[in-house]
Every structure is written in structure tokens, then in C-alpha cells.
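The values are calculated or read from the model by the stated rules, or taken from the named source; none is laboratory data. This one's a predicted model, so the numbers in the text were calculated from it and none came from an experiment. Because the Cβ atoms are built from the backbone with ideal geometry, glycine has one as well, and the counts that use them run over all protein chains shown. For the accessible areas, the whole protein counts, side chains as well, though only heavy atoms, and no ligand, DNA or RNA atoms are used. Shrake-Rupley method; radii C 1.70, N 1.55, O 1.52, S 1.80 Å.
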Amino acid sequence: QVQLVESGGGLVQPGGSLRLSCAASGNIFSINTMGWYRQAPGKQRELVAAITSGGSTDYADSVKGRFTISRDNARNTVYLQMNSLKPEDTAVYYCNVRVLSTYYWGQGTQVTVSS
């Protein structure tokens, strides 16, 4: 089994910044893609950003230029730096990790952007 522990969510004003972290532990042989998804009330879960083991990244159009995903392979940790936050970024953010052919999800962390 793989455990994912997320941190860094909270309440921030529009234009502010937050940094999410997700640390993986457990029966890890090789972590492939690591990513972040989010789900706002009444909406489907959507991909925010992903990063491969080689460092290639992919972003949702709505966050390009504002969010940056990175990973520390030695610590099995993925980060999401979120700048210029908007109210529409409010959602529960979930970490997602692929180990071999299995996907694992974190418990989610709430991000609220409001004045």
C-alpha cells in the first residue's frame, strides 16, 4: 500500500499564494506520474497539474502561468505552488500518484480563495 499525506491548504485572499505538498510513503517501488486534481462543489474532479518521473509537466489551461508543479524524487514528494489565486480556484485539492500501474489518492486539502 501507498499512503499520501497532503498539507498546505487554507484560506487566502484573491491574488494570494499557497503551496501544497504531498508526501508518499509505504510500499513504493517506483513512482511514475505525480499530480494534483481539484473538485469544486457541484463540479467534477479535474486535473490541475501533473509531472512525470522525468520532469515533464502538464497544466490545466485555467492555471497555466499561475501554478507550478514540482517534485522531489528523493523525498517522494510533489508540490504545487499556486500564485495569483482566484475565487474560482476554491476547491478540495487531491494528490494523485501512480506507482507502477496503480493510482493512489490523497485525502484532499481544502483551498478557499475569498476576501
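List of remarks:
- Percent of alpha-carbon pairs separated by more than 20 Å within region 31-89: 26 percent
- What the phi angles of region 93-99 give under the Karplus curve with 6.51, -1.76 and 1.60, with θ = phi - 60°, is a coupling list of 9, 10, 7, 9, 10, 9, 10 Hz, glycine and proline written as x.
- Note that region 110-115 has calculated 3J(HN,Hα) couplings of 7, 10, 10, 10, 7, 8 Hz, one per residue in order, obtained from phi through the Karplus relation 6.51 cos²θ - 1.76 cosθ + 1.60 (θ = phi - 60°); glycine and proline are x.
- Net charge over other residues, Cβ less than 14 angstrom from the Cβ of residue 60 (K, R count +1; D, E count -1): +1
- Derived scalar couplings between HN and Hα for region 30-35 equal 7, 8, 8, 7, 10, x Hz in order, rounded to whole Hz, by the Karplus curve 6.51 cos²θ - 1.76 cosθ + 1.60 (θ = phi - 60°), x for Gly and Pro.
- The chain: C-alpha pair distances exceeding 16 Å, %: 56 percent
- Top positive-direction residue, dipole computed over region 53-109 with Cβ charges, set 104, 77, 62: 77
- Placing +1 on each Lys and Arg Cβ and -1 on each Asp and Glu Cβ, with no other charges, gives the chain a dipole about its Cα centre of roughly 40 debye.
- Computed label-point distance, nm, for sites residue 45 and residue 27 using a 7 Å Cα→Cβ extension: 2.1 nm
- Square roots of five times the Cα gyration tensor eigenvalues for region 1-52, Å: 24, 14, 11
- For region 72-115, accessible area per residue (1.4 Å probe, heavy atoms of protein chains only), Å²: 50 Å²
- Split the accessible area of the chain by element, probe 1.4 Å, and carbon with sulfur accounts for 46%.
- Descending by average beta-carbon neighbour count within 10 Å, the peptides 74-85, 37-48, 103-114 line up as 74-85, 103-114, 37-48, the highest first.
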